[in-house]
Each structure stands twice: as structure tokens, then as C-alpha cells.
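Participant: My questions will all concern the structure given below.
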Amino acid sequence: MAAATDDLLIEARGLTKRFGEFEAVRGIDLAVHRGELFGFLGPNGAGKSSTMRMIAAVSPVSGGTLRIFGLDPRTHGPHIRGRLGVVPQLDTLDQELSVEENLRIYGRYFDLPRAECRRRTAELLEFARLSDRAGSVVDTLSGGMKRRLSIARSLINRPELLLLDEPTTGLDPQARHLLWDRLYRLKQEGVTQVLTTHYMDEAEQLCDRLVVIDEGRIVAEGSPRQLITQYSTREVLELRFPARDGSASTAELADQLGGVGSRQEALADRVLIYADDGEHALGEVHRRQLRPDSALVRRATLEDVFLQLTGRSLVD
Amino acid sequence: MVERHLVAYRRMWLIIVSGFFEPLFYLLSMRLGVGRLVGDVTVGGRPVTYVEFVAPALMATSAMNGAIYDSTGNVMVRLRQMHLYDGVLATPMTPADVAVGDIGWALLRGQLYAASFLVVMTAMGLVHSWSALLTLPASAAVGLVFAALGFTATSYMRGWPDMDWVTVATMPMLMFSATFFPVEAYGRWRWAVNLSPLYHGVAMIRSLAAGVWAWSMLIHVAVLVVLAVVAVVVAARRIDRLLRA
Ligand SMILES: Nc1ncnc2c1ncn2[C@@H]1O[C@H](COP(=O)(O)OP(=O)(O)OP(=O)(O)O)[C@@H](O)[C@H]1O
Ligand SMILES: [Mg+2]
């Protein structure tokens, strides 16, 4: 394999996915390089999982081209899958096996020798902090433990490319941080990772580069910092006003704040003001004789970018 | 795949053992009851007692049952409830590997029943010829056919209520496969018997157990092999359609 293509692990052009009449992925262009931690951000039903399943060489491509490790998943499916680790959105753990057997037997599907499977299983149990539950049946694990086991299982074949579909959904904060730490360690070991998430802090913390997708299309692309500078201001001022009968709605308040900061946004319970200097904007609010219950100046986050790009729809 | 099931089923040996007793009880009741009331029957021109007549058919039936239990109910759980195959297909394993693995496992289970059955038959003095050893490959063919058919049928099922169709299909099969009476007894419905895959297995195993050879056996083998190959191919296609959307 040539050095240039060797570095490009995922390459997609005009990638589409149709389910019958419905087009879930509508022409996506991607390039993920070795060593990167790449993120997909998008609201429910945006097409993140559909794209991940195509990259995992499980779901057939409906249109466009896709190359994984420079290979076509249609013709090299088993070879590609042998070099991938996959953590699906919904756990597909083997409920009839114990924790330890789940890892060991999964290694066998990759045709690894039994002794090797045993060795790696011990290692991964340690990695996922599940050693003391090695003999438990999967059903008796908590949701977070199952998630950790799924991730440990995806590493049994020492993948070059790890695909994680919402790896931390449903985890408590400790488990989430433990997982971030593990993913970071893997990155340092040179494992390329692609993850989808709804958590902005996660995307901000982990991803070198990410795309925001909405309704099957890429609507923005860049590093978390780039996206924030491009689609938001440096700071955000959050204002809460007393909700009394007859008092102005947030939309009316936002109108009254016209010209403060670079943009105003009315939410159900708050008004957001996007400004490079939040304190200065707050001074302006007071000058206009408006008395919010509370005012908070914070740094802009990816969440602001995300909400602006995908509209204020329901996102979890 | 098979290795996975071996590990999983170490905990469930009781279920497996229980499946074996069903045809065995049939056989015992035949020997003690019905067998005394019914006279001898001929197999390939040779007279045999009724128990000797029925036992090979029950051996074929137990191979069928073992294979069907596993390829329907258990496959259903793995497919719809555990999402086991989704996990497996994320590895280098292909849908064909999954189909072959699970059909192979169901076949093994049928074979386990059939083999134990053969041992019991021998112990009861119902086996007279060394050709009876060939009943094992014959029952394997029966198991293969039903494992693959069961697997394919399961892939079309939407939920547990559909499972009843398995009984709907196997009960008449048991009745119309010359299991309990000679094929001549079906009169003008005799052609219908030929449509039952189980019949071809029963006929094979019966001849082999009695040590009788006939050209018609080649036809039975051919029918079983062709059915098995077609069913395995269809089963792999179904897995592909279902899980790789
Ligand atoms: N097997 C399928 N058959 C038909 N439609 C499907 C199938 N899988 C997904 N879809 C549809 O494709 C669209 C995109 O789904 P996808 O699972 O890729 O979204 P997602 O971005 O992962 O969403 P979420 O954040 O909720 O996981 C949805 O509208 C979904 O209903
Ligand atoms: Mg998803």
C-alpha cells in the first residue's frame, strides 16, 4: 500500500444511504487520517449511526464511494472488519456468556488463537475495570458496566480504527471520565477513533476534528475551537427574567435587547446574548432598564454552535 | 460459532437432555403397548417386528427434533432478542459463516439425540446389521435439512406467536412420513408422503437399520442433499437481508 493512502483511513465521497424511499444519509464527504480522533455531532435521526454502520462494513453503501484503509467495503468486508473495532449504539453483548467469555469468544470470531484470546481478555478486563466481575453473566451487569464491556470487546483484535457510536450515553459522570481517559490513552497509542455523541463537552474534550450533521448532510466541519469561532461568539450571556402574568415573553425581551452583543436568542425560559465581551453586554442590558433575575456570563461551547446549526429542535 | 455455543450450553445441558427423552418415551410405549397388538411388518421384503419398524423412524424423528429445537427457538432468541448476530457480523465473520455455524450446531444437537437413540436401540436388541452404523450419516442428513429449514423459517418469523407454525409443520410431518405405518398404507395419498423430507430420512434409516439395500435409497439421499444445500444457501441470504440493512 502506498504511504499516501496508508495514512487515509476513511475516505467518503457523496456517500448516501437509503432505506427504501427514505434517504437517511444524503451525500457525505469525509476524510479521516491515521491517529485522528474524529467526531460526528448531530440531532436524533441525523444519520450518524447509518454512516457508522457503512464505515463498519456492515451496512451496504447506497450511493457514492467509500474506502476504508483504501479498500472497498463491498469487496473487502471481512478484511476491513478484521482491522476495525466497533462499539454499536445498542449493546450486542452475548447474554448467554459471562463477561470473561464474551471477550474470549469474540476474539475467536477474529480467528485469534485461543491462548492469545485468553491473554488479551485478562488485559482488557483490567482496562475496563471489570476483573472482579469476570465470571458474572452479562445480564447482571449495570448499564455502564455493559458499555465498558462493549468497549473492551471492541479492542480484542487490537484495531487500527475504532468506531464508537454514542459510547458514553447512559454513563454516570465517573464512568464517562474513566472512558474519556481510556479513549485518550488509546489515541496516544495511535488508535484512530471515530465517535458519535450528543454531548458537546465530550466532543470538545476529545475530538481533534468533527462534523455536524443534520438530516443526512454535513452542515459544518472543523476543530471544536474553529467551529466555536466561526459559528458563535467568544462568550455567551444567559439572562433569566422573572416569569409573572402579564410580563413580557422571552421573545419580546429579546426584541427589546436588539443590538446588544452580536446576536440575541429567545429560549423558553431564557434569553441568550452572543457577545465577545459578556460583561460589557450585561452593562448594556442594565442601561436599558431591564432587570433579569439572574445573569450568567460563560464561554461559548460547541452546544451553542450545535443549536445554531441544527435549529432549536429537541436534542438530548 | 460452534465454539461459542459449546461454551454457552455448558450451563444448559438439562434442556438438551430433556429433548432426547421425548422420542425415547414413544419407543418404550411402543414396545410395551402397541407393539404387542400389532403384527410384523416387512421392510424391503424382510419381516420385522413393529418395534423394529418404528424405532428407526423415531431415530430420524429425534434427529429432526434436535435440529429444529435449536434452529427455531434458539435462533429466534439470538436473532431478535439478544442481537447476537449483529455483534458477530461486526467481525470478519460473514452471514454465510453465521448460517453454517448455527445450522451446524443445530445439526450436532440432532445428531446427539440420534446417536443416543441408536445406542438405546442397540441395547434393546432392535439392531441386527452393521449397516446400522450408516444410520448416523443418514440422520446427520436429516438433521442438516431440518436445521437449515428451521433456520430459514425462523428468519421469516416476526415474533414468538409465529413459532406455532413450527408445530403446525412438524406434527403432520410425523404422521405423513411413514413413521408409524408402512408407506403402502397411505393408499392413493402415497405420493404426498414423498413430499415430506422426514419420509426420505425415515426410509433411509429404516433400510439401513434392517440391513436392506435398494436403489430407492439413492433417491432418498439425493432428495436430502439437494434440500439441505438449497436451505443453507437460502438461510445465509436471509441473514444477509435481515441484518445488513
Ligand atoms: N434499518 C432502517 N430502516 C429504515 N430506516 C432506518 C433504519 N435505520 C435508520 N433508519 C432511519 O434513518 C434515519 C437516520 O437514523 P440514524 O440511526 O442514522 O440516526 P442517528 O443520527 O444515529 O440518530 P440518534 O442520535 O437518535 O442515534 C432515521 O430517520 C431512521 O429512522
Ligand atoms: Mg444513532
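Participant: Regarding residue A:135, is this residue part of a loop (DSSP other than H, G, I, E, B), within 16 Å of ligand 2 (Cβ to nearest atom), farther than 20 Å from residue A:84 by Cβ and not aliphatic (A, V, I, L, M)? Steps first, answer last, please.
Facilitator: Working: part of a loop (DSSP other than H, G, I, E, B): yes; within 16 Å of ligand 2 (Cβ to nearest atom): no; farther than 20 Å from residue A:84 by Cβ: yes; not aliphatic (A, V, I, L, M): yes.
In short, no.
Participant: Starting from segment A:23-51, keep only residues that are more than 14 Å from chain B (Cβ to nearest Cβ) and within 8 Å of ligand 1 (Cβ to nearest atom), then list their pairs with residues that are hydrophobic (A, V, I, L, M, F, W, C) and part of a loop (DSSP other than H, G, I, E, B) whose Cβ atoms are within a distance under 7 Å, requiring at least 6 positions of separation or different chains.
Facilitator: Hits for this filter: A:43/A:315.
Participant: Right, here's the next one. Checking residue A:19 against (1) under 20 Å from the mean Cα position of the chain (by Cα); (2) within 14 Å of chain B (Cβ to nearest Cβ); (3) within 15 Å of ligand 1 (Cβ to nearest atom): exactly one of these is not met. Which one?
Facilitator: Evaluating residue A:19 over (1) under 20 Å from the mean Cα position of the chain (by Cα); (2) within 14 Å of chain B (Cβ to nearest Cβ); (3) within 15 Å of ligand 1 (Cβ to nearest atom) leaves (1) as the failure.
Participant: Tell me whether segment A:86-107 contains one or more residues that are polar (S, T, N, Q), within 16 Å of ligand 2 (Cβ to nearest atom) and touching a helix residue (DSSP H, G or I) at 6+ places or on another chain (Cβ under 7 Å). Before you say what the answer is, go through the steps one by one.
Facilitator: Step one: of segment A:86-107, the residues polar (S, T, N, Q) are A:89, A:92, A:95, A:98, A:102.
Okay, now just the ones that are also within 16 Å of ligand 2 (Cβ to nearest atom), so A:89, A:92.
Filter again for touching a helix residue (DSSP H, G or I) at 6+ places or on another chain (Cβ under 7 Å), leaving A:89, A:92.
Within segment A:86-107, one or more residues are polar (S, T, N, Q), within 16 Å of ligand 2 (Cβ to nearest atom) and touching a helix residue (DSSP H, G or I) at 6+ places or on another chain (Cβ under 7 Å).
Participant: Can you tell me which residues in segment A:60-112 are among the polar types (S, T, N, Q) and either surrounded by 23 or more Cβ atoms within 10 Å (Cβ to Cβ) or out of contact with any strand residue (DSSP E or B) (no Cβ under 7 Å at 6 or more places or on another chain) (or both)? Even if it seems obvious, please write down each step before you answer.
Facilitator: In the first step, residues of segment A:60-112 are kept if they are among the polar types (S, T, N, Q); the result is A:62, A:65, A:75, A:89, A:92, A:95, A:98, A:102.
Those that are among the polar types (S, T, N, Q) and either surrounded by 23 or more Cβ atoms within 10 Å (Cβ to Cβ) or out of contact with any strand residue (DSSP E or B) (no Cβ under 7 Å at 6 or more places or on another chain) (or both): A:75, A:92, A:95, A:102.
Participant: Which condition number in (1) touching an Asp or Glu at 6+ places or on another chain (Cβ under 8 Å); (2) assigned to a loop (DSSP other than H, G, I, E, B) is the one that residue A:13 fails?
Facilitator: (2)
Participant: Just to verify a result, which residue in segment A:81-96, among those that are under 22 Å from the mean Cα position of the chain (by Cα) and part of a loop (DSSP other than H, G, I, E, B), is farthest from the other protein chains (Cβ to nearest Cβ)?
Facilitator: Step by step, filter segment A:81-96, then rank; the result is A:89.
Participant: Oh, and also: Out of all the residues in segment A:203-221, is one or more closer than 25 Å to residue A:277 by Cα and either within 16 Å of ligand 1 (Cβ to nearest atom) or buried (at least 22 other Cβ atoms within 10 Å of the Cβ) (or both)? Outline the logic, then answer.
Facilitator: Filtering segment A:203-221 down to residues closer than 25 Å to residue A:277 by Cα leaves A:203-205, A:220.
Filter again for either within 16 Å of ligand 1 (Cβ to nearest atom) or buried (at least 22 other Cβ atoms within 10 Å of the Cβ) (or both), leaving A:203, A:220.
Checked against the condition, which is being closer than 25 Å to residue A:277 by Cα and either within 16 Å of ligand 1 (Cβ to nearest atom) or buried (at least 22 other Cβ atoms within 10 Å of the Cβ) (or both), segment A:203-221 yields at least one hit.
Participant: Right, another one. So in segment A:130-153, with the set limited to residues that are out of contact with any Phe, Trp or Tyr (no Cβ under 9 Å at 6 or more places or on another chain) and among the small types (Gly, Ala, Ser), which one is nearest to residue A:111 (Cα to Cα)?
Facilitator: Once the filter is applied, the top-ranked residue is A:150.
Participant: With the requirement that a residue be within 11 Å of chain B (Cβ to nearest Cβ), under 21 Å from the mean Cα position of the chain (by Cα) and not polar (S, T, N, Q), what does segment A:55-80 give you?
Facilitator: Answer for segment A:55-80, where residues must be within 11 Å of chain B (Cβ to nearest Cβ), under 21 Å from the mean Cα position of the chain (by Cα) and not polar (S, T, N, Q): A:56, A:57, A:58.
Participant: Separate question: From the list B:71, B:18, B:62, pick out the single residue that is modelled with pLDDT under 80 and either aromatic (Phe, Trp, Tyr) or assigned to a helix (DSSP H, G or I) (or both).
Facilitator: Details: B:71 fails: modelled with pLDDT under 80; B:62 fails: modelled with pLDDT under 80.
Result: B:18 is the single residue among B:71, B:18, B:62 that is modelled with pLDDT under 80 and either aromatic (Phe, Trp, Tyr) or assigned to a helix (DSSP H, G or I) (or both).
Participant: Of all residues in segment A:93-116, which are of a type outside the set (D, E, K, R) and free of Cβ contacts under 8 Å to residues at least 24 places away in the same chain? Write out each step before concluding.
Facilitator: Looking only at segment A:93-116, we keep the residues that are of a type outside the set (D, E, K, R), and these are A:93, A:95, A:97-99, A:102-103, A:105-107, A:109-110, A:112-113, A:115.
Those that are of a type outside the set (D, E, K, R) and free of Cβ contacts under 8 Å to residues at least 24 places away in the same chain: A:105, A:109, A:113, A:115.
Participant: Taking segment A:137-169, which residues are within 16 Å of ligand 1 (Cβ to nearest atom) and more than 13 Å from chain B (Cβ to nearest Cβ)? Break it down stepwise before answering.
Facilitator: Pass one, segment A:137-169, residues within 16 Å of ligand 1 (Cβ to nearest atom): A:147, A:150, A:163-169.
Selection gives A:147, A:166, A:167, A:168, A:169.
Participant: Moving to a separate point now. Name every residue in segment A:58-106 that is on the phi > 0 side of the Ramachandran plot and away from ligand 1 (no atom under 16 Å from the Cβ), in order of residue number. Let's see the steps before the verdict.
Facilitator: Of all residues in segment A:58-106, those on the phi > 0 side of the Ramachandran plot come to A:64, A:69-70.
Within segment A:58-106, A:69, A:70 meet the criteria.
Participant: State whether the residues of segment A:227-235 include one that is farther than 18 Å from residue A:124 by Cα, among the small types (Gly, Ala, Ser) and either assigned to a helix (DSSP H, G or I) or over 17 Å from the mean Cα position of the chain (by Cα) (or both).
Facilitator: As a first pass, look at segment A:227-235 and keep what is farther than 18 Å from residue A:124 by Cα: A:227-235.
Then keep just the ones that are among the small types (Gly, Ala, Ser); that gives A:232.
Now drop any that are not either assigned to a helix (DSSP H, G or I) or over 17 Å from the mean Cα position of the chain (by Cα) (or both), which leaves A:232.
Yes, because at least one residue in segment A:227-235 is farther than 18 Å from residue A:124 by Cα, among the small types (Gly, Ala, Ser) and either assigned to a helix (DSSP H, G or I) or over 17 Å from the mean Cα position of the chain (by Cα) (or both).
Participant: Which one of A:236, A:285 is touching a helix residue (DSSP H, G or I) at 6+ places or on another chain (Cβ under 7 Å) and either more than 14 Å from every other protein chain (Cβ to nearest Cβ) or away from ligand 2 (no atom under 16 Å from the Cβ) (or both)? Break it down into steps so the answer makes sense when it comes.
Facilitator: Working: A:285 fails: touching a helix residue (DSSP H, G or I) at 6+ places or on another chain (Cβ under 7 Å).
Among A:236, A:285, only A:236 is touching a helix residue (DSSP H, G or I) at 6+ places or on another chain (Cβ under 7 Å) and either more than 14 Å from every other protein chain (Cβ to nearest Cβ) or away from ligand 2 (no atom under 16 Å from the Cβ) (or both).
Participant: Does segment A:154-169 contain at least one residue that is assigned to a helix (DSSP H, G or I) and either touching a helix residue (DSSP H, G or I) at 6+ places or on another chain (Cβ under 9 Å) or in the same structural domain as residue A:12 (by TED's automatic domain parsing) (or both)?
Facilitator: Start the filter on segment A:154-169 by keeping residues that are assigned to a helix (DSSP H, G or I), which leaves A:154.
Remaining after also requiring either touching a helix residue (DSSP H, G or I) at 6+ places or on another chain (Cβ under 9 Å) or in the same structural domain as residue A:12 (by TED's automatic domain parsing) (or both): A:154.
Checking segment A:154-169: at least one residue is assigned to a helix (DSSP H, G or I) and either touching a helix residue (DSSP H, G or I) at 6+ places or on another chain (Cβ under 9 Å) or in the same structural domain as residue A:12 (by TED's automatic domain parsing) (or both).
The values are calculated or read from the model by the stated rules, or taken from the named source; none is laboratory data. Remember, it's a predicted structure, so these values are computed and weren't measured experimentally. Glycine also receives a Cβ, built like all others from the backbone with ideal geometry; neighbour counts cover every protein chain displayed.
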